[in-house]
Amino acid sequence: MTAMCGKSIAIFKREFKSYFESPVAYVFLVAFLLLTGFFTFAVSHLYERNVADMQAFFIWTPWVFLLLVPAATMGLWAEERRSGTIELLLTMPVTMLDAILGKFFAAWAFISLAIVLTFPTALTVAYLGKPDVGVILCQYAGTILMAGAYVSIGMLTSSMTRSQVIGFILSLVICLLMVLCGWEPVTDLFVRWAPATVVEFVASLSFMPHFVSISRGVVDIRDIAYYISVIVFMAFVTHIVIENRKSA
Amino acid sequence: MLEVTGIAKNFGAIKAVKGISFKVDKGEVLGFLGPNGAGKTTTMRMITGFLPPTSGTAVVCGHDVTQDPVEAKRQIGYLPENAPAYHSMTVTAFLCFAAEMRGYHGSERDGRVDAAIEKCRLQTVRYQTIGTLSKGYRQRVCFAQAILHDPPILIMDEPTDGLDPNQKHLVRTMINEMASQKAIIVSTHILEEVDAVCTRAIIISNGLIVANGTPAALKARSSTGRLDDVFRMLTIGREEAA
């Protein structure tokens, strides 16, 4: 058991460090902070709202993740396939699960780092007023959890192809669908022909209803269960995809 | 030490490997010959646990690669075709990663990495990123990760492909240095290599073994006594027939 963890950790370390071995990490972090800063201060007018909370920041995260998380995950497997290192990785004494867990947690940790680096916004709010610290911490925890769901989708699409661009686009489309599938124009597409239970099921897959409570600082056990189920499901499908298309 | 029995692989309707059986013992260097597309790489990928065989199996030091893949892979050092490696890492960082994947940590890890660097003559480039190295060095970096854990079985897919004569000589010297303590499989389509390093050779063509014997025995099958002629005689007819 410890040996298994040791290998996941070795993969985690390599993958996490690899972000910083090229300019990718720095470009990503700067772009993330600029984008969220722009939306929080220029679009949502954090200062003018005169409310000491971070709603103005958190409501934008699902949209910023949509663009940036696929960029951070598109290389996870596609690059291993393209360069042939997947053959090296999977002929070392590891199980597929070790490799998937190591990579998933590395990308998730990287996104979490980006999220945590927005702390100056929290400090600003704390300096200007008296925000509820518990609420802000819950919002951060919930947002990181939601980011995990984005990462798991990105990892899945990356495993399907050796082209990072295809991985990026597929992941963006699936994430967009997950964000929008509770939205009326999308449910309308189903209403005309599908039974009500199907429409409800599709709508219930959406990230957004689970995010609404999180963005208010309420972390419900059902929301946690929802995001963890998405992550587990996507990791499971990734396992199947790689098992079947190792040398493709 | 390594026993392959009736291993076969289909990719859809294409039968890449049609049932190959052979054994390799300690102290042997088995040359794996065949024209391009004969199934050499596919066979090696099945033995190393990368591809699941359609039928048959390989038993590595008593561990069946289809039943107990992690334990089987632990016994093998593998140098894949084209020597893949993570190009953004330095040589030392890459070998440390390989050592950790083999379960070595702390000073034991560093000792293993240093020994492998020395054996593969990589001292001068150990802090360079792999992407900046020439093909010969990259080959040796990948070779270093294959021997780092001192595996009883070493499998190399075209280890000298694309190297200059000096580098080829170096790789062959390294293989010869280890030959007595390991069971080694080397795939190649360069026939001079068989004379240089192999104790036995298998020729495969169209996914089947067409010859298995010592280099001398194989040469004796042709009136000219040259390995090239044996190779052509055994593989060309089959390709045209197929």
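The values are calculated or read from the model by the stated rules, or taken from the named source; none is laboratory data. Nothing here was measured: the structure is a model prediction, and the numbers come from that model. Don't worry about glycine lacking a Cβ; one is built from the backbone with ideal geometry, like all the others, and counts go over all protein chains shown.
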Just wondering, is there one or more residues in the range B:52-63 that are within 17 Å of the chain's Cα centre (by Cα), more than 23 Å from B:P152 (Cβ to Cβ) and part of a loop (DSSP other than H, G, I, E, B)? no
In this structure, does A:E80 turn out to be closer than 20 Å to B:P69 by Cα and within 14 Å of chain B (Cβ to nearest Cβ)? no
So which strands (runs of 3 or more DSSP E) stay within the range B:132-242 end to end and still have 2 or more residues that are hydrophobic (A, V, I, L, M, F, W, C) and touching a Lys or Arg at 6+ places or on another chain (Cβ under 9 Å)? B:153-157, B:208-213
Which one of these does B:F143 not meet: (1) within 14 Å of chain A (Cβ to nearest Cβ); (2) over 19 Å from the mean Cα position of the chain (by Cα)? (2)
In the range A:138-162, residue nearest to A:G75 (Cα to Cα) [restricted to those that are touching a helix residue (DSSP H, G or I) at 6+ places or on another chain (Cβ under 6 Å) and among the hydroxyl-bearing types (S, T, Y)]: A:S158
Reported set for the range B:95-122 where residues are surrounded by 16 or more Cβ atoms within 10 Å (Cβ to Cβ), without any contact (Cβ under 8 Å) to a residue 40 or more places away in the chain and assigned to a helix (DSSP H, G or I) is B:C96, B:F97, B:E100, B:M101, B:R109, B:R112, B:V113, B:A116, B:I117
A:R14 being surrounded by 17 or more Cβ atoms within 10 Å (Cβ to Cβ), modelled with pLDDT of 90 or more and within 14 Å of chain B (Cβ to nearest Cβ): yes
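Quick one: which residue in B:K119, B:K73 is within 12 Å of another protein chain (Cβ to nearest Cβ) and within 19 Å of the chain's Cα centre (by Cα)?
Working: B:K119 fails: within 12 Å of another protein chain (Cβ to nearest Cβ).
Exactly one residue qualifies, and that residue is B:K73.
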Would you point out the residue of the range B:180-191, among those that are of a type outside the set (S, T, Y) and at pLDDT 90 or above, that is nearest to B:P35 (Cα to Cα)? B:V186
Which numbered condition trips up B:E81, out of (1) buried (at least 19 other Cβ atoms within 10 Å of the Cβ); (2) within 10 Å of chain A (Cβ to nearest Cβ); (3) touching a strand residue (DSSP E or B) at 6+ places or on another chain (Cβ under 8 Å)? (1)
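Report yes if B:K15 is of a type in the set (K, R), in the same structural domain as B:L218 (by TED's automatic domain parsing), over 30 Å from A:V24 (Cβ atoms) and out of contact with any Pro (no Cβ under 9 Å at 6 or more places or on another chain), otherwise no.
On the way: of a type in the set (K, R): yes; in the same structural domain as B:L218 (by TED's automatic domain parsing): no; over 30 Å from A:V24 (Cβ atoms): yes; out of contact with any Pro (no Cβ under 9 Å at 6 or more places or on another chain): yes.
So B:K15 fails the test.
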